[in-house]
């Protein structure tokens, strides 16, 4: 029988989005399998608060910036605790963990998870971090792995693509009318929906411009999420005179009823994506997805089968895709059903946990 592992996750980011959610859901899943997971993050971070809220073992250390203080604090903590493997997630905590481990006589191996498609520079120091200090690299999409191997020359035998897993029991198609009634939404409207942190690269502003060009009178856009672009997007809605067609609903602890209320799901991202969790969640709920070929999105959304892939940062192709599925509800329903089948077979929580458990054991070997 395989021994149970003690897995330390580090996260220096103070933001909130799919990356942080994946860390916490993966920890909970590993705990349910009998492993022991621990999270180290800044006290002021959103993930610290949420980790405590979810009952996960969470410790605060000053690891927000690449400073000696953070490396020493992490080194001191590691010297007092027996850890089998460290899973780092952002640049800063990866550097601090690498430096801390270099000064320990029996340091645990480091697994680095790359959540986004932003390019990695080819500096000697960065190569040391990824190829010497790090034992294994996990990417959240196959294309991200291929880029690191091709553009950076990293050892493909020490990399694994592990798409974020989704709870297939929770994200299911539901009664649309009942979901809308629960949320106080009209039952006779057509709802476009996006679930994403309000960041520039998620492409909300392109969606708003495309919406303005659609003339269907009952069409409404629901924007689920919050973030640094909230004020900008609110001002844009007013400038386009679309206050009666766009609703900002903010962050939601439970996005399932919102997804079940949508007719179409849209994510016009133009950067920094693996396979977005919201896309997978929408597919499991049975929604057709309109998105872009950024990061590893096309590993989930098959153009013409489970949705429509459009060119990033372009309004007109996005408008055309929206119009096509609005005009052809039978096609939209067919794509939604195909998307759910694809997500069930490839992107479950159990698949992710199996792969991550295998990675951690390989890192130990």
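The values are calculated or read from the model by the stated rules, or taken from the named source; none is laboratory data. Please read these numbers as outputs of a predicted model, since none were measured by experiment. We place every Cβ from the backbone using ideal geometry, glycine too, and count neighbours over all the protein chains shown.
Of all residues in region 153-160, one or more are closer than 25 Å to residue 24 by Cβ and outside any helix (DSSP H, G or I). Considering only region 316-331, I want to know if a residue exists there that is over 30 Å from residue 85 (Cβ atoms) and not in a helix (DSSP H, G or I). Yes; the residues of region 316-331 include at least one that is over 30 Å from residue 85 (Cβ atoms) and not in a helix (DSSP H, G or I). Checking each residue in region 197-230 for being over 22 Å from residue 180 (Cα atoms) and either over 23 Å from the mean Cα position of the chain (by Cα) or not assigned by TED's automatic domain parsing to the domain that holds residue 260 (or both) picks out 209, 210, 212, 213, 214, 215. Residue 191 meets all of the listed conditions (1) surrounded by 14 or more Cβ atoms within 10 Å (Cβ to Cβ); (2) out of contact with any strand residue (DSSP E or B) (no Cβ under 8 Å at 6 or more places or on another chain) but one, namely (2).
A count restricted to region 15-34 and to residues that are in a loop (DSSP other than H, G, I, E, B) and either closer than 15 Å to residue 87 by Cα or at pLDDT below 95 (or both) stands at 3. Inspection of region 240-253 finds a residue satisfying the criterion of being crowded, with 18+ Cβ neighbours inside 10 Å, touching a helix residue (DSSP H, G or I) at 6+ places or on another chain (Cβ under 9 Å) and under 18 Å from residue 180 (Cβ atoms).
With respect to the stated conditions, residue 330 is surrounded by fewer than 23 Cβ atoms within 10 Å (Cβ to Cβ), modelled with pLDDT of 95 or more and farther than 20 Å from residue 142 by Cβ. Counting only residues that are part of a loop (DSSP other than H, G, I, E, B) and out of contact with any strand residue (DSSP E or B) (no Cβ under 9 Å at 6 or more places or on another chain), which one in region 215-242 is nearest to residue 319 (Cα to Cα)? If we take residues in region 215-242 being part of a loop (DSSP other than H, G, I, E, B) and out of contact with any strand residue (DSSP E or B) (no Cβ under 9 Å at 6 or more places or on another chain), then 215 is nearest to residue 319 (Cα to Cα). Looking across region 337-351, the residues that are assigned to a helix (DSSP H, G or I) and either within 14 Å of residue 169 (Cβ to Cβ) or out of contact with any helix residue (DSSP H, G or I) (no Cβ under 7 Å at 6 or more places or on another chain) (or both) come down to 337, 338, 340, 341, 343, 344, 345, 346, 349, 350, 351. Of all residues assigned to region 189-204, at least one qualifies as being assigned to a helix (DSSP H, G or I) and in contact with a helix residue (DSSP H, G or I) (Cβ under 9 Å, 6 or more places away or on another chain). For the subset of region 259-277 comprising residues that are more than 21 Å from residue 314 (Cβ to Cβ) and modelled with pLDDT of 95 or more, which member is surrounded by the fewest Cβ atoms within 10 Å (Cβ to Cβ)? Going through the qualifying residues, I end up with 263. Set side by side, the residues 221, 214, 233 differ, and just one is over 20 Å from residue 289 (Cα atoms), touching a helix residue (DSSP H, G or I) at 6+ places or on another chain (Cβ under 7 Å) and modelled with pLDDT of 95 or more, which is 233. Where helices (runs of 4 or more DSSP H) sit wholly within region 35-133, those with at least 3 residues that are more than 19 Å from the chain's Cα centre (by Cα), farther than 24 Å from residue 273 by Cα and at pLDDT 95 or above occupy 68-80, 91-102, 124-128. Listed by first and then second residue, the pairs linking a residue in region 92-114 that is not assigned by TED's automatic domain parsing to the domain that holds residue 132 to a residue that is surrounded by 18 or more Cβ atoms within 10 Å (Cβ to Cβ), with Cβ atoms under 6 Å apart and 6 or more places separating them unless they lie on different chains, form an empty list.
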